[in-house]
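Here the structure is laid out as structure tokens; the discussion comes afterwards.
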Amino acid sequence: WYWWRFNGFGYFWGMAFGILASLLIPWAQPVWQPQLMAISTAFPPLHAAFATLVTLPSALVCFPAILVLSLIGCFVGTWLSKAEDMDVLKSFYIKTRPWGLWGPVLKAVQAEDPSFRPNPDFWRDMFNIVVGIVWQTSLVALPVYVVIREYERSAIALALVAVTSLILKVTWLDHLKKVYPDPKPQPAAS
């Protein structure tokens, strides 16, 4: 939802590149890591950074490369596929009002409806994302803690669910209902 051009093909190829990279990079790490250390000896500041890097857990060392390859897959899949139909994009944009790189779609929507304004609630949305992450993590952790009989942690997770649910109701749901009210149902024609 960050970029109007991103589509399902970009998502698929980003996932495929990421999965492939996560399988191959850790397997190849014992080969490329000593080579990088040898190359870095010619550049003392780089050598110190690489020496620190090899002391980190393998997952931390491999993750940036996996992430970059996954992003490359996203862009390759997106650019090699046809863009979504502009009418579909306009309909989605009007209903969802995502923030991000949606300039061409916003211009097309405003050409048809000059009174249309994009979502002005970026910081509210960012706050709600952080609260939502805590809420969702607590929802997942709660039954796990119950099953493994960690009742004190279960209670903490339940309290977090309650508090974050209340916060989301006030800062997200109530705001949505106020800004984007549901249309009144039309009576059925006889």
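Readers should treat all values here as calculations from the given coordinates under stated rules, not as data from a laboratory. All figures in this text were calculated on a predicted structure; none of them were measured in a lab. Methodologically, a virtual Cβ is constructed for each residue, glycine included, from the backbone with ideal geometry; neighbour enumeration extends over all protein chains shown.
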*What is the packing order of peptides 128-140, 7-19, taking the mean over residues of other C-beta atoms within 10 Å and listing the highest first?*
7-19, 128-140
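Indicate the gyration tensor shape class of the stretch 1-45 (rounded, prolate or oblate), computed on the Cα atoms with a ≥ b ≥ c the square roots of the eigenvalues: a/c under 1.5 is rounded; otherwise a/b larger than b/c is prolate and the rest oblate. Walk me through the numbers before you get to the answer.
Numbers: a/c = 6.33, a/b = 2.15, b/c = 2.94.
Note, shape of the stretch 1-45 comes out oblate.
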*Using alpha carbons only, how many degrees (0 to 90, rounded to 10) separate the axis of helix 151-168 from the longest principal axis of the chain?*
50 degrees
*asked:* For a test of understanding, tell me how many lysine pairs in the chain have Cα atoms under 24 Å apart, given they are 8 or more places apart or on different chains.
replied: 15
_Contour minus Cα-Cα distance for LEU23 and GLN110 (0.36 nm per residue)_ = 26.8 nm
*asked:* Can you list residues from other chains, or at least 5 along the same chain, whose modelled amide H is less than 5 Å from the amide H of TRP3?
replied: LEU101
*Among LEU166, THR137, SER154, which residue has its Cα positioned farthest towards the positive end of the charge dipole of the stretch 122-179, with +1 placed on the Cβ of Lys and Arg, -1 on the Cβ of Asp and Glu, and the dipole taken about the Cα centre?*
LEU166
*What size of dipole, in debye to the nearest 20, comes out for the chain about its Cα centre when the only charges are +1 on Lys and Arg C-beta atoms and -1 on Asp and Glu C-beta atoms?*
240 debye
*asked:* Quick check on the stretch 30-159: take the gyration tensor over C-alpha atoms, sort the square-rooted eigenvalues as a ≥ b ≥ c, and tell me if it's rounded (a/c under 1.5), prolate or oblate.
replied: oblate
*Taking Cα atoms of the stretch 122-179, Rg/Rh with Kirkwood Rh, to two decimals?*
1.10
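Averaging sequence separations of C-alpha pairs under 8 Å and six or more residues apart, then dividing by the length of the stretch 6-146, give the relative contact order as a whole percent. Provide the component values of the computation, followed by the final result.
Values: 94 pairs, mean separation 43.1, N = 141.
In percent, rounded to a whole number, it is 31.
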